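The values are calculated or read from the model by the stated rules, or taken from the named source; none is laboratory data. Not measured: the values here are computed from a predicted model. Cβ placement follows ideal geometry from the backbone for every residue including glycine, while neighbour counts extend to all protein chains displayed.
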Amino acid sequence: MKKFFKIGCLGIIVIAVLLIIVAIVGGGEEESVSTGNTSDTKTTETQKTDDGTKTIDASSQQVTAQGLKVGLGDIKIEENEIQVGINVQNTTDGVLQFYPDQGSAVIGDMQLDANMFLTDGDVSGEIQGGVKKEGVLEFLAPDGKTIDVNSVKEIKLILGDVTTEDFMNSEDVSFTIPVK
């Protein structure tokens, strides 16, 4: 009886572990958001999908602040969040500091704050001279609110300041993206 109980418990544990692995590997397969780090330049386009989301190609959007080139990729608008593909390149020899995963997005009268723990990739912190980084930022809708995807006409991204190594100079990085 004890041997059967041990084998049965072991079998249940193995099945549970396999289910968890399958859920992690198979789950969360979302449409990827491009970081815009490609050589081809595109115009800003909006694509509507059947799942109630919009994807905007914002790869033509780029600014330079304190020698840090900041470019956008795709922006995906969903009911509860906005995902923004971003790429950065330090064109200086010095260290620059930038924290876009602590920024915010504004849609109409709603502010969505970035969630640094959901950022995919590494685009924040100290960026050494000559280094390129890319990732996807996630801006979450406030608790109890949803985004009316079809009524979004413009997204303002306020990504924070690029600061020099000595903290003496800083420059703001922000974008205004039209949504059609």
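With respect to the conditions (1) surrounded by fewer than 14 Cβ atoms within 10 Å (Cβ to Cβ); (2) under 27 Å from D166 (Cα atoms), T92 falls short on a single one, namely (1). Of all the numbered requirements in (1) over 17 Å from T163 (Cβ atoms); (2) in contact with a Lys or Arg (Cβ under 9 Å, 6 or more places away or on another chain); (3) surrounded by fewer than 22 Cβ atoms within 10 Å (Cβ to Cβ); (4) not aliphatic (A, V, I, L, M), N115 misses one, and that requirement is (2). Entry remark, segment 25-72: residues being under 27 Å from E165 (Cα atoms) and at pLDDT 95 or above number 12 in total. Checking each residue in segment 132-155 for being over 14 Å from I82 (Cβ atoms) and surrounded by 14 or more Cβ atoms within 10 Å (Cβ to Cβ) picks out K133, E134, G135.
Residue by residue, here is whether (1) charged (D, E, K, R); (2) modelled with pLDDT under 95; (3) within 15 Å of the chain's Cα centre (by Cα) holds:
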| residue | (1), (2), (3) |
| --- | --- |
| E126 | yes, no, no |
| E138 | yes, no, yes |
| T146 | no, no, no |
| L157 | no, no, yes |
| V173 | no, no, no |
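Restricting attention to segment 149-166, the residues that are touching a residue at least 12 places away in the same chain (Cβ under 8 Å) and part of a loop (DSSP other than H, G, I, E, B) total 3. Scanning segment 63-81 for residues that are closer than 19 Å to A114 by Cβ and not acidic (D, E) turns up V63, A65, L68, V70, G71, L72, G73, I75, K76, I77, N80. Among residues of segment 132-145 that are farther than 25 Å from D93 by Cα and touching a residue at least 12 places away in the same chain (Cβ under 8 Å), those with a beta-carbon under 6 Å from a residue that is charged (D, E, K, R) and surrounded by fewer than 22 Cβ atoms within 10 Å (Cβ to Cβ) at least six positions away or on a different chain give the pairs V136/D120; E138/E81; L140/E81. For L72, the test of being farther than 27 Å from T146 by Cα, buried (at least 22 other Cβ atoms within 10 Å of the Cβ), among the hydrophobic types (A, V, I, L, M, F, W, C) and in contact (Cβ under 8 Å) with a residue 60 or more places away in the chain is failed. For segment 160-179, which residues satisfy the criterion of being farther than 15 Å from T92 by Cβ, surrounded by 14 or more Cβ atoms within 10 Å (Cβ to Cβ) and of a type outside the set (A, V, I, L, M)? Answer for segment 160-179, where residues must be farther than 15 Å from T92 by Cβ, surrounded by 14 or more Cβ atoms within 10 Å (Cβ to Cβ) and of a type outside the set (A, V, I, L, M): G160, D161, S174, F175.
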